[in-house]
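To start, the structure itself, in structure tokens.
The values are calculated or read from the model by the stated rules, or taken from the named source; none is laboratory data. The structure presented is a predicted model; accordingly, all values stated were derived computationally and were not measured. No Cβ is skipped: glycine too gets one built from the backbone with ideal geometry, and neighbour counts run over all protein chains shown. Just the protein is used for accessible areas: all its heavy atoms, side chains included, with ligands, DNA and RNA removed. Shrake-Rupley method; radii C 1.70, N 1.55, O 1.52, S 1.80 Å.
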Amino acid sequence: MKLNCTLGILFCLVAIQGASGQAFSHVETFTRLDSIHNTNGVAVADYDNDGDIDLFFTGIQNFNPTDHNTWNHLMRNRGDGTFEDVTVAAGFGIQYVNEGLRAERGEKMGVSWGDYDNDGFPDLFLANSRENQLYHNEGDGTFKDVTAIAGVAGCNVCYSATGLWWDHDRDGDLDLYVSNLNTTNVMYENKGNGHFEDVTELLGIGGGATITWSSVAIDAGKDGFLDLLNVNDTQAKEFFENRSGLKYNEAALAYRLNNKGAGMGVAIGDCNNDGLFDIYITNIFTHLPNPLFVDQGDRRYKDVAPAWGVNNTGWGWGTQFLDFDHDGDEDLAAVNGPIDEVNQIPQPDIENFFYKNLLKQGESRFDDWSEQSGTNGLAKGKGLETFDYDYDGDLDMVVANMLENAYFFRNETIQNNEQTSQTNWLQIKLEGVVSNRNAFGTTVKIRIGNEWLYRYHHGGAIFGQSIKPVHFGIGSSAMIDEIRFTWLTGVTEAIYNVPANQILSFREGSGTVVIEENDGNGGSSTFIERHYVQPNPFVGETNLIFQLAKAETLDLRIFNTLGQEVYHNSKILDEAGTLSFDWDGSGQNSGIYLYTATFGDKQMTGKLVMVTQP
């Protein structure tokens, strides 16, 4: 959908106002978001599966039914450029009240979308002071509080900031990691029956009492398993390395990620377009500058923030990478919101920051476009999200502000550019089948000629986690020669000759399976050890293939959902290469099966889906 003047005179005036040269224009009034005040977090998802991306804001204060400014808000995208408040109708008419100790940074904090039961409808986790909440999406536009059943309430002394959905054990469903501000962070493993189990101590992923504002999962070790980075405040950042899905090892110093700044926000992108994903963290600059950790490709990162010109964003909170101008490199946005006083010293308000990446101009740095972009407001910003709310191809921005109304910035790049042939784009909606339904943890890369562009799909940020399409700006290119998807299972699929300027839906298993060689280049795979299944879903028979980096004995077991073993076989690999197992499940019932492959001290897990003959 592309909005135009048929929507009304008001929108036309907004569009004309945005044509003055600024990249973004304020459209809070038109979008009906100007009534949203006093918010911490914001995240987006198409909760009702109508094709439009919706918004959820978390209010800072304890809930008061008579005070609109204390509410969380679910804002449904109407598809005409405006949002409507459906908070009460969706089942959020009674909200959280902290009856314990006062929470200085807010009673209600983060909002994280994630389809934890893989039913196709995004569920919602709310991080609060003292007690968290999980709402199940009922599929009819309403939500049900299932916190007690799921076992993820936390504790009445916990002060939670953000929830992170991720599939830590690669079993095909989303697990939950909760970042806390005064106690040990908590890891919940999804048991697949609507219940979660606290496995923090078992996995060694807690880290003791920390001040953790946000966390992200990324395969920094390039071994196929997601590692975990905790962004801590005035404490060294923690990085938990995962090589098996069974145990984690704190390795921030080894990876050179142990920055001790007053960290809050975090974003992942490929700022230098080398196929390796980089990490940006917002600190309080007066304590320590922000780091931009560029992946060196050898389990090491290097902070290049000063050289790239992005080490100071004031009192940093939310941050996002985005290609706002469709030139092929990822730009950077960051908001900040100083608290009123520190040690009785008043703190001045500082405008938000926006940086244009100059990689396509031949320079390894960002240029400060804060004023030129039109996004440099003085409100005390907290949460930040970027997404294409009107489906016109470019990324818009929403900011949750502590005191003032929320900011909503409409991207005017395509409208302002007389040469629209230079602002082509592609968006991809991902759907996992064997992987988790939201496909969190998937990497996507596209090839145009001999050049590759890279994105990592995870949705995580401070105070929020979103489910949204993967976005590429592709400049003057009207056709994408190749797209490759690498799922958490290790399978890489490819599709070819895709026209630009569309929203493409891609379902796991729909492409051509390819095995990439690790050649050390940006076009290579990120790890050697991998496994995949052909076909999956399947009727009767399927083939499981394991690619190993050295000689091993591999033990494969397949279980039904009752935990009963239905297949067991072991094979020996004499040298690096592949092992293949054929499984005839025709004697079993259709449904979901789980497999575990053990070799050496490692383990690969996955999900099989057997269907009946159509």
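The packing ranking, built from the mean of other Cβ atoms within 10 Å per residue, places the peptides 303-309, 26-32 in the order 26-32, 303-309, highest first. Within region 529-585, the GluC sites (Glu not before Pro) that combine a DSSP coil assignment with at most 16 other C-beta atoms in a 10 angstrom radius are E575. Rolling a 1.4 Å probe across the protein heavy atoms gives the chain an accessible surface of 36 Å² per residue. Phi angles across region 263-278 convert, under the Karplus curve 6.51 cos²θ - 1.76 cosθ + 1.60 with θ = phi - 60°, into 3J(HN,Hα) values of x, 10, x, 8, 9, 10, x, 10, 5, 10, 6, 10, x, 10, 8, 9 Hz, Gly and Pro given as x. When +1 charges are put on Lys and Arg Cβ atoms and -1 charges on Asp and Glu Cβ atoms, the dipole computed for region 329-393 relative to its Cα centre reaches about 200 debye.
Taking a straight Cα-Cα cut-off under 13 Å and skipping sequence neighbours fewer than 8 places away in the same chain, the aspartates and glutamates within cross-link reach of K571 are E552, D555, D582.
Within the same chain, aspartates and glutamates fewer than 8 places from K237 are excluded, and of the rest, those with a Cα less than 12 Å from its Cα are E250.
The dipole here belongs to the chain: it is taken about the Cα centre, uses +1 on the Cβ of Lys and Arg and -1 on the Cβ of Asp and Glu, and is about 640 debye.
Would you work out the relative contact order for the chain, in percent, from Cα pairs under 8 angstrom that are 6 or more residues apart? After rounding, I find 12 percent. Could you work out what % of the accessible surface of the chain is carbon and sulfur, using a 1.4 angstrom probe and leaving DNA, RNA and ligands out of the count? Within the chain, the accessible surface is 49 percent carbon and sulfur. Computed over region 173-279, relative contact order equals 18 percent, with contacts defined as Cα pairs under 8 Å that lie 6+ residues apart.
Can you tell me which of 323-331, 80-88 comes out highest on packing, and rank the rest after it, using the mean Cβ neighbours within 10 Å?
Highest-to-lowest ranking by the protection proxy: 323-331, 80-88.
Within the assembled protein chains, the solvent-accessible surface assigned to M479 is about 80 Å², based on a 1.4 Å probe. Distant-in-sequence amide contacts of E138, defined by a placed amide H-H separation under 5 Å and a gap of 5 or more residues or a different chain, comprise F143, K144. Can you find, among V335, L33, A439, the residue farthest towards the positive end of the dipole of the chain? Put +1 on the C-beta of Lys and Arg, -1 on that of Asp and Glu. Going by the charge dipole, the pick is V335. Can you work out ³J(HN,Hα) from phi for every residue in region 392-408, in order, using Karplus 6.51 cos²θ - 1.76 cosθ + 1.60 and θ = phi - 60°, giving whole Hz and x for Gly and Pro? So the Karplus estimates, Gly and Pro as x, are 9, x, 10, 8, 9, 10, 10, 10, 8, 10, 5, 10, 7, 5, 4, 8, 9 Hz. Where a Cα-Cα gap under 19 Å defines reach, which aspartates and glutamates qualify for K360, not counting those fewer than 8 residues away within the same chain? Here the aspartates and glutamates satisfying the reach criterion relative to K360 are D270, D274, D278, D323, D325, D327, D329, E330, D331, D368, D394, E451. The order of the peptides 277-284, 589-596 by mean Cβ neighbours within 10 Å, most packed first, is 277-284, 589-596. So which of K356/K382; K191/K429; K429/K607; K356/K445 end up more than 24 Å apart by C-alpha? Table pairs above 24 Å Cα-Cα are K191/K429.
In a reduced charge model with +1 at each Lys and Arg Cβ and -1 at each Asp and Glu Cβ, region 130-243 shows a dipole moment near 280 debye about its Cα centre. Near C155: Cβ cut-off under 13 Å, other residues only, Lys/Arg at +1 and Asp/Glu at -1. The net charge is -1. Our note on the geometry: Cα centres of region 379-414 and region 221-254, 31 Å apart.
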